[in-house]
Amino acid sequence: MDLDDLIELEAIRRLKYRYMRCVDLKLFDELAACFSEDATVSYNDGQWARSGRDAIVELLRGGLGPEVLSSHTVHHPEIDLTSATTATGIWALQDHVFNRRHGTHLHGAAFYADEYVKVDGRWLISHTAYTRTFEHRTGVEPRWDGGS
């Protein structure tokens, strides 16, 4: 591995971190820019799967409406450059999702399996999927103070 490889790996890490930030902050336009046009997703063991950047963003926009508060953290990346323009990655995920409408809190863990493609000098997600290792749901009082 040389310095150029390390630079590419860092660019992929930053892409995944940006993806998670955009999900939690509901920055859907910026989130769209993380995906290749023909990207695919398979969330929660395939329960929610979509093909195409626009369909993926609409899935996330619909599932992460204003009543949903979330915190997703990814760590322990295992990224492999498979060519000058492709890579794969495995990431550990910890997440908390509060649904104020339903009064539920989900705390879970999973492993993402990603594929990346470099287009016009930028790394993009071409496929992402996660498999849960555990999921714990509890009821919470649906309260939100608007936060600051």
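Rule-based calculations on the coordinates, nothing more; no lab input. All of these numbers come straight from a predicted model, not from anything done at the bench. Virtual Cβ from ideal backbone geometry, glycine too; neighbours counted across all protein chains shown.
Annotations for the structure displayed:
- Only beta bridges with both residues in the chain are counted; by DSSP, about 90 percent of them are antiparallel.
- Residue order, fewest to most surrounding Cβ atoms within 10 angstrom, among L93, L69: L69, L93
- Using the empirical formula 2.2 N^0.38 Å as the baseline, the Cα radius of gyration of the chain reaches a ratio of 1.08.
- The chain: most fluctuating residue of A109, A55, A84 per GNM, C-alpha cutoff 10 Å: A84
- Acute angle (nearest 10 degrees) that the helix 3-25 long axis makes with the longest principal axis of the chain, alpha-carbon atoms: 20
- With the simple model of a label 7 Å out from the Cα in the direction of the Cβ, E58 to L25 spans 2.6 nm.
- The gain in end-to-end length when the L3 to E67 segment is fully stretched comes to 18.6 nm, 0.36 nm per residue minus the alpha carbon separation.
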